[in-house]
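These notes concern the structure reproduced below.
A short reminder: the numbers here are calculations on the coordinates, not readings from a lab. Since we're looking at a predicted model, the values are computed, not measured. Cβ coordinates were reconstructed from backbone atoms using ideal geometry, including for glycine residues, and neighbour counts include every protein chain displayed.
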Amino acid sequence: MRFLFSVLLLATVLVVPANGQEKPPLKVAMLIPIEPWDRKAGLEAWRKWLEDNYRVEITWIEPAVPQPNKDTPKDQAKAYYAKPPAIPGLDKASQADVVFTALTHVSLNEKDSVELLKLLTTKPVVGGRRSHHGIGLRLPKGSEFALKSPGGFSGGYGDLIFGGGFAGHHGGTQQIKEGQADHPIVKGIPGLVSFSLHDRGYKHKLVADDVTVLIEMKETQQPQTWCRINKDTKQRTVYTVHDPIDIEKHESVRVMLTRALFWASERNELEYKKK
């Protein structure tokens, strides 16, 4: 009896924190693309799914002004590019445990450019489709970020953050890369590679040797989802070609991205699941 009591007591200690309280929620900053580049509804659906299933605290950050298009009056477009508007609340992302970014097709002023790159090169980061290119950055001359980028900024800034970036469009059938089926981000997720990307895949150029490819195109072995532990800074990042449409349509993608948040932030997913 005394032995059984001791075992039960030990089990209680292992499950309940010393102060008797749950860990605080995982703080997630979400950097959102402005319409019409992606369906914001897909990210809103994932946000609700996360909040329903996990103890998370989400900070939603998105541009207030869309990038000009062919229908934008010339004077408005000129004013936008001459002085890109600030992104409201970008500074709040510095308080997050992990950042999810799908920010794209927006120009940033110098202050926000520096703040964004500092954020995305120091915090745990999970990036969705287009998060490795498509932002107009304005950096001070001699900026440390340009000097640190292994591939330079000519092809985007994804190489600096994710260890690789956009190199063209490419479609095909997805598959888990050989040897990675047991990786915690993709392990045992039914349907994750059951749908083709058609013309929504990307060609990628990986420039860092600390990248682990998780999902590739079956036909060409072009990487589509990968993770990285930066060998110099130990920063963890994950990139996936999947966009808000995939996130809304496929629960498997929501599960994978959720796991990526916990992997990147080095947290135990089970400790944050709602009961």
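If you plug the beta carbon distance of E219 and T122 into 1/(1 + (r/R0)^6) with R0 = 35 Å, you get a FRET efficiency near 0.45. Treating segment 67-128 as a set of equal point scatterers at the Cα positions, no solvent, please give the Debye-formula log₁₀ I(q)/I(0) at q = 0.18, 0.27 Å⁻¹. Each listed q corresponds, in turn, to -0.71, -1.17.
Shown is the FRET efficiency for E178 and E110, computed with R0 = 45 Å from the Cβ-Cβ distance and rounded to the nearest 0.05: 0.50. Computing percent of Cα pairs over 26 Å apart for the structure here picks out one of [x] 45; [y] 39; [z] 65, namely [x]. Adding -39500 (n - 2.57) for every DSSP H run of four residues or longer, then dividing by how many residues the chain holds, sets the calculated 222 nm ellipticity at -8500 deg cm²/dmol. Positive end of the dipole of segment 22-122 (Cβ unit charges, origin at the Cα centre): among I87, V56, S113, the Cα lying farthest that way belongs to S113. Centroid-to-centroid, using Cα positions, segment 97-117 and segment 39-54 are 21 Å apart. The Cα center of segment 216-246 and the Cα center of segment 184-205 differ in position by 10 Å. Each DSSP beta bridge with both residues in the chain is either parallel or antiparallel, and the antiparallel ones are about 50%.
Between A86 and K205, the modelled label-to-label distance comes to 3.6 nm, taking each label 7 Å out from Cα in the direction of the beta carbon. Normalised by the number of residues in the chain, the mean separation of alpha-carbon contacts (under 8 Å, six or more apart) gives a relative contact order of 19 percent. Applying the Karplus relation 6.51 cos²θ - 1.76 cosθ + 1.60 with θ = phi - 60° to segment 106-115 yields 3J(HN,Hα) values of 8, 9, 10, 6, 4, 4, 5, 4, 5, 5 Hz, where x marks Gly and Pro. For Y202, the residues 5 or more places off, or on other chains, whose built amide H falls under 5 Å of its own are H170.
Here K274 is the anchor, and the lysines within straight C-alpha reach of less than 29 Å, apart from those fewer than 8 places off in the same chain, are K23, K27, K40, K48, K92, K123, K187, K249.
Between W49 and Q95, the FRET efficiency estimated from the beta carbon spacing at R0 = 30 angstrom works out to 0.85.
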